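Where a number appears in this text, it was derived from the coordinates with a stated rule and is not lab data. Computed from a predicted structure; not experimentally measured.
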């Protein structure tokens, strides 16, 4: 298995000091590669056969805030097969 990711974000505006530090806009690209093999789930013991056809790519665009309570993100992710999702993260991951 191999995974690579690249992300870039830039502060697009400042927030007043009592609220936070800034507003950010960013993007990411990810790729995962699998070789032939078998993995076993540590929880269920179920075996999964891996193959290179299961390899994939993805990308995301996100908007973030650095606030006094921590980071907050709103993003849109899409895979190489066209599946998409919206995600929200509030606080430390």
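What the table below lists for this structure:
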| item | result |
| --- | --- |
| Full-extension gain in nm, residue 46 to residue 28, via 0.36 nm per residue minus C-alpha separation | 3.3 nm |
| Rg/Rg_globular for the chain, with Rg_globular taken as 2.2 N^0.38 Å and Rg from C-alpha atoms | 1.43 |
| Largest-first principal axis extents, alpha carbons of the range 1-43, Å | 52, 25, 8 |
| Listed residues 71, 18, 52, most fluctuating in the chain (Gaussian network, C-alpha, under 10 Å) | 18 |
